[in-house]
Amino acid sequence: MLTSGSHVVVEGAEKGTTTSGVDFPDGVYSFGLFCNVFEFEGELIKRLHIYVDPDFANTHAEGVAWGKSVRDGIASL
């Protein structure tokens, strides 16, 4: 957890089973990580942004392969 002024950033992990029976994360491409960014006004939450892997159950192999190719390309620069 990080804090700065009126903002709090929290990273965490989630796990579970989808309604179609797929367990997540798979520990290979999906790690179940998320990040929430809270903005406070006094003691109340004014705004919340949630960042989570949209393919947490690793059911979109083409997208995962594309992301890996982009990371590998950047690493080779």
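Rule-based calculations on the coordinates, nothing more; no lab input. These numbers come from a predicted model, not from an experiment. Ideal geometry is used to build each Cβ from the backbone, glycine not excepted, and the neighbour counts take in all protein chains shown.
Evaluating Ser20 against the criteria (1) within 15 Å of the chain's Cα centre (by Cα); (2) loosely packed, with under 14 Cβ neighbours inside 10 Å leaves one unmet condition, (1).
How many of the residues making up region 24-67 are assigned to a loop (DSSP other than H, G, I, E, B) and not hydroxyl-bearing (Ser, Thr, Tyr)? Outline the logic, then answer.
The initial filter retains those residues of region 24-67 that are assigned to a loop (DSSP other than H, G, I, E, B), namely 25-32, 42-43, 53-60.
Now narrow it down to the ones that are not hydroxyl-bearing (Ser, Thr, Tyr): 25-28, 31-32, 42-43, 53-58, 60.
Qualifying residue count, region 24-67: 15.
Yes or no: Ser76 over 17 Å from the mean Cα position of the chain (by Cα) and surrounded by fewer than 10 Cβ atoms within 10 Å (Cβ to Cβ)? So Ser76 passes the test.
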